[in-house]
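The values are calculated or read from the model by the stated rules, or taken from the named source; none is laboratory data. Here the structure is a predicted model, which is why all the values come from computation and not from measurement. Note: ideal-geometry Cβ built from the backbone for every residue, glycine included; neighbour counts use all protein chains shown.
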Amino acid sequence: MAKMWTGRTDGVTDKLADDFNSSIKVDSRMYKQDILGSMAHASMLGAKNIISQADADQIIAGLEGILLDLENGTLEIDYSAEDIHMFVEQVLTARIGDLGKKLHTARSRNDQVALDTRMYLRDRTNAIIEKISNLLSAIVLKAEEHKLSIMPGYTHLQRAQPITMGHHLMAYAMMLLRDIDRFKDTKKRIDVSPIGCCALAGTTYETDRYYEAQKLGFNEIALNSIDGVSDRDFCVEFVSACSILMMHLSRLAEEIILWSSWEFKFVELSDAYTTGSSIMPQKKNSDMAELVRGKTGRVYGHLMAILTMLKGLPLAYNKDMQEDKEGVFDAADTVDMCLDVFAPMIATMKVLPENMLMAAQKGFINATDLADYLVKKGLPFRSAYKICGQIVGDCIKNGKVLETLSIEEYKNYSELFESDLYNEISLTTCVNKRISEGGTSPKSVEKQIEFVKSRLENV
Ligand code: ARG
């Protein structure tokens with residue numbers, strides 16, 4: 001495609017330099033935002049008499065035609081164009097003649113690209129919020145189903161205290177709720193219109209930036225034109241929100257991988273979300289969860305890349321900034337795919353409560369409750385802790401567990417032990433009694449579920 005910026009230079013560039021310079025393979029996905037932005041711009045130019053209303057109408061009709069043809073496939077993107085902005089303008093001029101050249105009055109590709117990216121990410125953010133909500137609903141449903149299913153809770157990946165699967169899953173629900181808040185908050189900074197900042201300094205034409213912003217559904221406009229074309233904070237924030245979300249998904253993916261192993265067998269994934277091995281017939285691999293965990297790395301990479309690209313850039317626009325989109329788009333695509341596969345993977349995941357209970361019974365995870373029993377009988381916690389430590393140590397030596405130690409044996413450690421201790425250290429009691437706000441008791445987990453559900457209604 002011929003270059004639109006020939007003037008000072010003759011526009012004859014090296015073929016390799018052209019390819020190197022071109023961003024259309026990356027930014028062509030913003031064609032719709034580019035065209036809608038241009039329509040709003042033409043409309044403003046007409047309304048402010050910068051061009052005639054008739055000219056504006058013709059430009060808008062031309063742009064509408066391009067959008068339609070791109071959507072129905074009669075017009076194909078020409079990848080030899082420099083970028084999507086040049087492509088649209090060139091097609092417009094080819095279709096409506098010299099009039100098309102009036103569109104670029106009182107704007108620059110610098111404010112144009114910032115506008116398109118913001119509009120594009122605004123849509124993607126809304127879609128991501130929706131997808132997180134879907135995953136959240138699947139998690140809450142599973143948590144509700146398993147609010148009574150006891151499992152070991154871990155610290156240091158050592159069995160620590162009994163919890164329920166419902167409680168454990170609700171921890172992830174809280175994380176995802178924060179992710180929704182983070183994306184919503186990011187959207188506030190995305191939702192600022194840069195159009196009208198022009199190259200960097202504004203323009204001598206009497207434009208109306210609020211008119212354009214309002215037409216494109218923006219809440220605010222960039223108040224400093226240099227900042228308006230240089231600011232990519234919203235991209236950084238977007239990838240940062242993606243990274244934190246991926247970190248959450250990756251932690252859950254890791255647990256699902258562990259829980260699916262023969263060593264744990266706490267859950268079984270549906271065949272639809274696992275693969276077999278080409279050589280080992282016994283295998284059922286949690287590939288989807290592993291991929292989510294694996295893809296987290298590339299999203300973090302994009303965050304580092306954009307932060308580094310921006311670091312040290314003098315104001316205002318520099319071509320380095322063209323590098324912003326590839327990583328940001330890939331982060332959005334990755335997050336989308338991961339959320340798409342995660343929600344049904346959780347919904348179809350079978351929890352195996354018997355196995356979880358068996359694991360919970362083996363690890364002295366009620367030792368804290370045994371100590372609490374003595375505390376309630378008047379012993380200071382540190383002394384109770386020491387006695388229980390000795391009991392656990394002796395049990396391990398003698399191949400016993402707290403439940404199988406006789407009351408006579410208990411009394412050797414402390415006269416305070418009575419036969420009601422067995423009820424106190426039963427796993428169900430341990431779980432049911434943790435009624436503190438946020439704790440593992442079914443009552444408390446129900447409250448958490450209700451909270452998340454009510455938040456989900458107003459996303
Ligand atoms: N393709 C460019 C980008 O993505 C558009 C802006 C070009 N502006 C310029 N002054 N060369 O950043």
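When Leu169 is tested against (1) more than 20 Å from Ala47 (Cβ to Cβ); (2) crowded, with 22+ Cβ neighbours inside 10 Å; (3) touching a residue at least 40 places away in the same chain (Cβ under 8 Å), exactly one condition is not met: (3). Residues that are more than 26 Å from Ile256 (Cβ to Cβ) and of a type in the set (Val, Ile, Thr) within the stretch 349-372 comprise just one, Thr368.
Going through Arg293, Arg232 one at a time, which residue ends up being under 24 Å from the mean Cα position of the chain (by Cα), under 30 Å from Ile139 (Cβ atoms) and of a type in the set (D, E, K, R)? Walk me through it before giving the result.
Details: Arg232 fails: under 30 Å from Ile139 (Cβ atoms).
Just a single option satisfies the conditions, and that option is Arg293.
Scanning the stretch 306-350 for residues that are without any contact (Cβ under 8 Å) to a residue 40 or more places away in the chain, away from the ligand (no atom under 12 Å from the Cβ) and under 19 Å from Lys25 (Cα atoms) yields Asp330, Asp333. Right, Glu76: surrounded by fewer than 17 Cβ atoms within 10 Å (Cβ to Cβ) and either assigned to a loop (DSSP other than H, G, I, E, B) or in contact (Cβ under 8 Å) with a residue 60 or more places away in the chain (or both) or not? Yes. Looking across the stretch 277-308, the residues that are more than 21 Å from Ile346 (Cβ to Cβ), small (Gly, Ala, Ser) and either surrounded by 12 or more Cβ atoms within 10 Å (Cβ to Cβ) or modelled with pLDDT of 95 or more (or both) come down to Gly297, Gly301, Ala305. Among the residues of the stretch 100-147, those identified as within 25 Å of the chain's Cα centre (by Cα) and within 16 Å of the ligand (Cβ to nearest atom) are Val113, Ala114, Leu115, Asp116, Thr117, Arg118, Met119, Tyr120, Leu121. Could you tell me which residue of the stretch 135-160 is surrounded by the fewest Cβ atoms within 10 Å (Cβ to Cβ), considering only residues that are of a type in the set (Gly, Ala, Ser) and within 14 Å of Lys350 (Cα to Cα)? Among those residues, the one meeting the criterion is Ala138.
Is it the case, given these coordinates, that His41 is within 16 Å of the ligand (Cβ to nearest atom), crowded, with 18+ Cβ neighbours inside 10 Å, touching a residue at least 60 places away in the same chain (Cβ under 8 Å) and within 22 Å of Ala213 (Cβ to Cβ)? For His41, the condition - within 16 Å of the ligand (Cβ to nearest atom), crowded, with 18+ Cβ neighbours inside 10 Å, touching a residue at least 60 places away in the same chain (Cβ under 8 Å) and within 22 Å of Ala213 (Cβ to Cβ) - is met.
If you take the residues of the stretch 410-434 that are within 21 Å of Ala160 (Cβ to Cβ) and among the charged types (D, E, K, R), which of them is nearest to the chain's Cα centre (by Cα)? Among those that are within 21 Å of Ala160 (Cβ to Cβ) and among the charged types (D, E, K, R), it is Arg434. Of note, Lys187 satisfies the criterion of being touching a Ser or Thr at 6+ places or on another chain (Cβ under 8 Å), assigned to a helix (DSSP H, G or I), away from the ligand (no atom under 16 Å from the Cβ) and not aromatic (Phe, Trp, Tyr). Ala222 passes every criterion in (1) surrounded by fewer than 19 Cβ atoms within 10 Å (Cβ to Cβ); (2) touching a Pro at 6+ places or on another chain (Cβ under 8 Å) apart from (1).
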